[in-house]
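Trainee: Handing you a structure now.
No value in this document is a laboratory result; all are computed from the given coordinates. Predicted, not measured: the structure shown is a model, and the values here were computed from it. Don't worry about glycine lacking a Cβ; one is built from the backbone with ideal geometry, like all the others, and counts go over all protein chains shown.
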Amino acid sequence: MHRFWILVCLVIAATAAPVAAQSIIERLITPGPLSGAHAKLESKCDTCHASFRKEAQGGKCLACHKPVAGDIASRTRFHGKYTPARTQDCKACHSEHKGRATGLIRLSRQGFDHGLTDFALTGAHARTTCAACHGPGNNYRGIPNACAGCHAKKDPHAGQLGRACQNCHSTAAWKPVTGFNHARTRFSLTGAHAQAACMTCHAGQRWKGLGTTCLSCHAKNDVHRGSRGPDCASCHRTTSWKSTTFDHASTGFPLLGAHAAASCAGCHGPGNVQKHPSRICATCHAKDDAHKGQNGADCAACHVPAGWRQVRFDHDVMTRFPLKGAHRLAACAGCHKQPPKVAKPPVTCFGCHAADDPHKGANGQDCARCHKETAWKIVDFNHGSMTRFPLIGAHAKARCETCHTAPLEKFKLSTECGSCHAKDDAHAGKLGSGCARCHDSISWQANVRFDHALSRFPLLGKHASAKCADCHIDKSFGTKGIECAACHQDDHHAGTLGSPAKCRDCHNSVDWKAWSFDHDRRTGFALTGQHKGLICSACHARPGDPAKAGTQCVDCHQRDDRHRGGFGTDCERCHVTSGFRDIVMNAAH
C-alpha cells in the first residue's frame, strides 16, 4: 500500500515540475543518453515525448523534421516512397538513448534500393560508388539531383548551355550526345549534318550567333568560288556535298540521258567559268563527231542524249528510202561511205549489194523481185504466179542459176522440157520436145505415164506389163509397126505360115502358146477326118503364103497315090478324109 502512495507522489511531483526543466522523475527513468545529434535536447524530454502519450512521439519528430514530414505528405523522396517509413513511427528505424556515438541512421549502402528516392540510378550512375556522390558521412538528403550539381566542374560548355545537362547527355555515357533535338533550334540536322560531331560546327564552344546559311560553314568547300551565290541548298543536299538537286530544266536546257550523269564541270568548266555554255551539241561534242562536221552542227537531228551512239534519225520519214528488215539493223556507215551532203548512197539494191550478187548481174539489178530486206538469202520469188512455168517436183528444189544461165533480158527460157533437158533426152530428140507427155517433174526416169492406148497399138495382156525398152530397144520410140512380126521374129514357123507372118491370126497377147485358129471357117479347106487334129506343119511344111496353098489332095498326097496318076488328081471322087483306104464312090463324080 505504501508503494502506491509513493507512485502517486512521484506523478504529482512530475506534473508539478516546470515545463522547461527535466524533472527528477524524468532523470530517474531515462533509458540512456541521447545521440550526438540530439544531445542539446537531453534536458528537454518534452521536445520529443509527451507525458503519458506514447502515440504522440511520432508527431513531435515530424514537427521538428519538417522536410521529412513534407516528403511523407507528398510521397516523394525516400520517406514518402518507402511504405514502412511512411506508416510506422520514426523510432522503428531511428532508435535514441543509445549514447552519443550511436548514429540515428542505420543504412546499408550495399543493398539500398535507390529507386525509392527521386533519383533512380541508371547508366553510369548505377556503376558508381555511394561515396562518389554522398561522401563518407550520412549526407543523403542534401545531395542535388541536377547534373550540374555534381558535374559542373566537368562542363566543357562552362555553363553556356545552362544546368540541364540531360537535355543533351544521358546517364549511359557523357559522350556521345544523343538526347539533344537540334530541330528545336532554327536549324534541323538532316543528311550528313545529323552524323557530324557538335564541335564540327560549334568550334571553340561557340553556341550562339552561328549562321544558318551553307556558306557560313562551307565557304572553303565552294568550288564555284561564290559565283553561284550563298544559296548552296538550291543545288546541293545535306545528304552529300557532291549530291546536287539543281533543276537544270529551269535553265531551259533539261538534263536528259547521259547529260543527267555528267558533272557540272563537264559543261561549265572548273570553277564554273562557263556560266552560260552554248546549247549546240557540236560546241561540247566536236571531238566526238565521227562525221568531222560534214553533217553540220545539229547533232540532235540524229543523236539522243541517252547515248552518243543511239541514233533517232527517222530514215523512213526523212528520206525516200525506208529502212526495213536487216537495213534497220545496219550501221549508218554501212551505206553512207561518205557524208550525205557529199554523196548520197544509191537507193537500188544493186547499188550497194553488187558484191553480194551471186548471179554476177545475170538476173539484172532488180534484186527486190526475188530477195527481201529481212535477209539476203531469203528468196520469195513466186515462180508459179509470176511466170508461166510453176516450179513443182524436182524443179522446186533446183537452184535458179541451174536454168537461168544468162540474164533474163538477154536470154528467155522456153517452157518446153527439151530446152533444158535436151542433153538428158535418151530419145535423141526423135520424140520431139514435148517430154511432159510421158515424163513428170518429180523424177525424170520414174513415173513415166505415156498412155499407149492412145496409140494404134493398145498394150494388152503381156504387153501391158512389159517395159518400154523391151520393145523400144533403141529408145527411139518411133513407129515400129503394129504387126507382131515387127517385134516377134518367126523362129517357130520359119515362114511356113507366110511372110511376114500374121501371128494374130492364131496367137493373142495374153499368152503366146494359147493360140486358136478356126481352119474350117477362115479358110476354104475344112479340116475333117484325119485332117482334123494335125499340126500345122503337117501340111504347111514349106515357106509360103498358106492362103495360096492348094486344096487338092494331090497337093499333099501325091506320093501316096498308088494309081500313079492313072485316075487323075481328083482323089476325093473315091477317097474320104476319114481314112485313105476308105473308098466311097461319089456318084457326082
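Trainee: Around His575, which amide H atoms from residues at least 5 apart in sequence, or from another chain, sit under 5 Å from its own amide H, with H modelled in the peptide plane?
Mentor: HN-HN under 5 Å from His575: Val584.
Trainee: Using just the alpha carbons, could you tell me how many Å³ per residue the convex hull of the chain encloses?
Mentor: Once divided by residue count, the hull of the chain is 491 Å³.
Trainee: Still on this structure, I have one more. Place the peptides 537-543, 561-567 in order of packing, highest mean first, counting for every residue the other Cβ atoms within 10 Å and averaging per peptide.
Mentor: The most tightly packed comes first, giving 537-543, 561-567.
Trainee: Can you give the FRET efficiency to the nearest 0.05 for Phe567 and Trp512, using r as the Cβ-Cβ distance and R₀ = 41 Å?
Mentor: 0.40
Trainee: Along segment 192-204, what does the Karplus equation 6.51 cos²θ - 1.76 cosθ + 1.60 (θ = phi - 60°) give for ³J(HN,Hα), rounded to whole Hz, x for Gly and Pro?
Mentor: 5, 4, 5, 9, 6, 6, 4, 6, 4, 9, 9, 4, x
Trainee: Please give every one of the aspartates and glutamates within straight-line cross-link reach of Lys360, meaning a C-alpha to C-alpha distance under 13 Å, and leave out same-chain neighbours fewer than 8 residues apart.
Mentor: Within the straight-line cut-off, Lys360 pairs with Glu401.
Trainee: Tell me what the chain gives for mean residue ellipticity at 222 nm when only DSSP H runs of n ≥ 4 count, each as -39,500 (n - 2.57), the sum divided by the residue total, rounded to 500 deg cm²/dmol.
Mentor: -4500 deg cm²/dmol
Trainee: Where in the chain are the DSSP H helices whose C-alpha atoms run 15 Å or more along the long axis and whose mean Kyte hydropathy is at least 0.5?
Mentor: What comes out of the filter, once short or polar helices are dropped, is 2-16.
Trainee: Would you work out the charge dipole size for the chain about its Cα centre, treating the Cβ of every Lys and Arg as +1 and the Cβ of every Asp and Glu as -1, and quote it to the nearest 20 debye?
Mentor: 4980 debye
Trainee: While we're on this one: Can you list residues whose amide H is under 5 Å from His236's amide H, if they're 5+ apart or on another chain and H is modeled 1.01 Å from N?
Mentor: Here Thr245 satisfy the definition.
Trainee: What pairs in Lys40/Lys66; Lys480/Lys513; Lys372/Lys410; Lys475/Lys548 have C-alpha atoms more than 27 Å from each other?
Mentor: Lys475/Lys548
Trainee: Using +1 at the C-beta of Lys and Arg and -1 at the C-beta of Asp and Glu, which of Cys64, His557, His182 has the Cα lying farthest in the positive direction of the dipole of the chain?
Mentor: About the Cα centre, the residue reaching furthest to the positive side is Cys64.
Trainee: From the phi of every residue in segment 178-186, what ³J(HN,Hα) in whole Hz does the Karplus formula 6.51 cos²θ - 1.76 cosθ + 1.60 yield, where θ is phi - 60° and glycine or proline is x?
Mentor: 3J(HN,Hα) across segment 178-186, in whole Hz: 10, x, 6, 9, 5, 5, 6, 8, 8.
Trainee: Then there is this: Which order do peptides 150-163, 255-268, 78-91 fall in by mean Cβ count within 10 Å, highest first?
Mentor: Put in order of decreasing packing, that is 78-91, 255-268, 150-163.
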